[in-house]
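Let me begin by presenting the structure, written as structure tokens, before commenting on it.
Please treat every number below as a calculation from the coordinates, not as lab data. Fair warning: this is a prediction, and the values are worked out from it, not measured in the lab. Counting neighbours? That spans all protein chains shown, and the Cβs are built from the backbone with ideal geometry, glycine included.
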Amino acid sequence: MDGIHDLGGRAGLGPINPENDEPVFHSDWERSVLVMFPALAMAGAFNLDQFRSGMEQIPPHDYLMSQYYEHWMHAMVHWGSEAGIFDPADLDRRTREYLENPEKMPPTRQDPEMVAALEALIASGDDYRRPVETPAKFAVGETVVVRADASTTHTRRASYIRGRTGKVSAAHGAYVLPD
């Protein structure tokens, strides 16, 4: 996908100024968003590709003016609503309730099975490799040219590499990729 979601970035947006000793979370709401991600994914609201596409639907101006975890929240609200896990009107009502009562603590829920599953996933990761019966299209050492066409959907072909010549340096097998 071209535009702000191009993995190669965009020129003209100014420098990236990383914080020294940047914290994992800048505020508690970001931590809450991160915790919601696996809960909604495990409830079947979305898979990783749908989650990413939810963020890619954010209008460019809104995307550039919002924070990292706001992108996550946008995708989770979209897919959680689509899956019927929560109702947008109820979400709006509860948001107003907490804005009007900022000292009010949200309810908590303990789910030991989910915690155990998440701990195992974090400890070992997940394997996205898939067996295939067809051989790789290109061999290590072979010269290749990256397709130059633009994509209207997600792609890992960043604009800066399109149309360029290169050499295959490794073969990692087949993975589940949406493109």
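Can Thr95 be described as without any contact (Cβ under 8 Å) to a residue 12 or more places away in the chain, among the β-branched types (Val, Ile, Thr) and farther than 26 Å from Pro38 by Cα?
No.
Select the helices (runs of 4 or more DSSP H) contained entirely in the range 1-116, then report the ones holding at least 3 residues which are of a type outside the set (S, T, N, Q), surrounded by fewer than 16 Cβ atoms within 10 Å (Cβ to Cβ) and more than 22 Å from the chain's Cα centre (by Cα).
Result: 88-100.
Go through the range 153-179 and report how many residues are exposed (fewer than 10 other Cβ atoms within 10 Å of the Cβ), over 26 Å from Asn47 (Cα atoms) and not hydrophobic (A, V, I, L, M, F, W, C).
Final tally of qualifying residues: 2.
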